[in-house]
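What follows is a short report on a single structure.
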Amino acid sequence: MTVMLRTQNFQAYELKCKCGCGKLNYDNLFLMKLEVFRYLLGSRLEVTSGCRCIKHNQAAEGKKNSCHICEGRAATAVDISPLDTGCLNVFILAVKTGFFNEVIWYKTRNFIHLGVDKNQKEPYYEII
Ligand SMILES: [Zn+2]
Ligand SMILES: [Zn+2]
């Protein structure tokens, strides 16, 4: 098993499953992209949802094959809320960099989903 990458801007307590189970299993390339994205953006990011166990993903109404799932696979998605800039800037940069092939801005709920779905060829961008 590979050791999960440690990043300066995202800590284990923020990324682990928020149901209380404490599961933490992220894809290292995804974490690296997230860290570089954070530097490019220049804003602190609050993780509103990190990785999820299967149970918590259901409770959070995530889709069945959500990239947040960290059980049986490494998670490749995160929901974030910017603390020093607006969601629009986050969305634009996420699309521009091409780091993620799932970028969804939940406008009314004020957070952005950044994900890498390895089974998806075309990028998926949405503002809900
Ligand atoms: Zn959990
Ligand atoms: Zn998400």
- Only helices counted: for the chain, with every DSSP H run of 4 or more residues adding -39500 (n - 2.57) and the sum spread over all residues, [θ] at 222 nm is -7500 deg cm²/dmol
- Message: Treating only the Cβ of Lys, Arg, Asp and Glu as charged (+1, +1, -1, -1), what charge dipole size does the chain show about its Cα centre? Round to the nearest 20 debye.
- Response: 240 debye
- Within the set of other residues whose C-beta is less than 10 Å from the C-beta of LEU5, count the net charge using Lys and Arg as +1 and Asp and Glu as -1. -1
- Message: Counting other C-beta atoms within 10 Å, and keeping those with at most 10, which DSSP coil GluC sites (Glu not before Pro) do you find in region 1-65?
- Response: GLU61
- Query: Taking only C-alpha pairs under 8 Å that are 6+ residues apart, what is the relative contact order of region 12-127 in percent?
  - Reply: 23 percent
- Task: Give me Rg over Rh for the chain, both radii from the alpha carbons and Rh done the Kirkwood way, two decimal places.
- Result: 0.92
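Throughout, read-outs are computed from the coordinates displayed, never taken from laboratory work. What you see is a predicted model, and the numbers here were worked out from it, not measured in a lab. A quick note on method: Cβ atoms are made from the backbone with ideal geometry, for glycine too, and the neighbour counts reach across all protein chains shown.
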